[in-house]
1. Taking the range 165-211 as the region of interest, what is the percent of Cα-Cα pairs per 10 angstrom bin, listed from the shortest bin to the one with the maximum distance?
2. Quick one: among A30, A80, A95, which has the greatest mean-square fluctuation in a GNM of the chain with alpha-carbon springs under 10 angstrom?
3. Taking amide H positions as placed in the peptide plane 1.01 Å from N, state which residues far from Y98 in sequence (5 or more) or on other chains have amide H under 5 Å from it.
4. Considering amide H positions built from the backbone, and no H for Pro or chain starts, which residues 5 or more places from V27, or on another chain, come under 5 Å of its amide H?
5. With charges only on Cβ, +1 for K and R and -1 for D and E, what is the dipole size of the chain about its Cα centre, in debye, rounded to 20?
6. Using θ = phi - 60° and the Karplus relation 6.51 cos²θ - 1.76 cosθ + 1.60, list the HN-Hα couplings for the range 13-18 in order, rounded to whole Hz, with x at every Gly or Pro.
7. Using Cα-Cα distances under 8 Å and only pairs 6 or more residues apart, what relative contact order does the range 130-221 have, in percent?
8. For the chain, the longest stretch holding no chymotrypsin sites (Phe, Trp or Tyr not before Pro) located in a DSSP loop with at most 14 other Cβ atoms within 10 Å is which?
Amino acid sequence: MRILIVEDEHKIANSIKLGLQQESHAVDVAYDGTDGFDLASTEDYDIILLDLLLPGMDGITICKKLRSNNIHTPILMLTARGQLTDKVTGLNSGADDYLTKPFAFEELLARIRALSRRPKHAIGTTLAVGDLSLDTSSFEVRRGGILIQLSSREFSLLEYLMRHPNKILTKDQIISHVWNYDADILPNTVEVYIGYLRNKLGKPTLINTVRGFGYKLAKKN
């Protein structure tokens, strides 16, 4: 998944970013509300982790503006405040969940999984297309029951493809979901990683090239 962190405390933001990257997520960080709103309103994210108290624009204002602009990305609000009124205010502004600092990273991961939009073919933490399965919790990928070892980037790419089966995904869409916003991506980077996946997943190939458009993961008949 591609996740945006909007948090002005650099140590907290960078710690969360590192942990999420180790969980195979692509992560962008904004350290003030204005930059956070700009990213959230112009880029495509699966989850937004949003601090309540921010310089430039506070989390409540960001929530309200995103929802009024018809942007419905799931928002997990992070704050040091723990009073019931603060939680109600955050949720009423458009946030989907609320987590009070300090929190355990394992709880953050659980909240993110709960908020993530899962397609109809997902059962629990498992995505499946034909004889190919991917577990977003254990990070295991199997085809025909055989375990396949993937790098973190290969896993993220395959997860994105499997969340959109039978749908053509452009290179730009893939890059925006699998790599960080400021990543240095070469023109053929996506092609290279698609090649890696095809080799590891074996035949018959499930990842099809749609010339002039992009790639599609589809179950073979």
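1. Histogramming the range 165-211 at 10 Å steps yields 22, 54, 22, 1 percent.
2. It is A80.
3. Hits under the 5 Å cutoff: M77.
4. The answer is I3, N180.
5. Numbers: 27 positive and 27 negative charges, 266 e Å.
Using Cβ point charges on Lys, Arg, Asp and Glu, the chain gives about 1280 debye.
6. So the J values, rounded to whole Hz, are 4, 5, 5, 5, 4, 4.
7. Working: 97 pairs, mean separation 27.4, N = 92.
RCO, the range 130-221: 30 percent.
8. Numbers: sites that count: F103, F139, F213.
In the chain, the maximal stretch lacking such sites is 1-102.
Throughout, read-outs are computed from the coordinates displayed, never taken from laboratory work. Predicted, not measured: the structure shown is a model, and the values here were computed from it. As a convention, Cβ positions derive from the backbone with ideal geometry for all residues, glycine included, and neighbour counts pool all protein chains shown.
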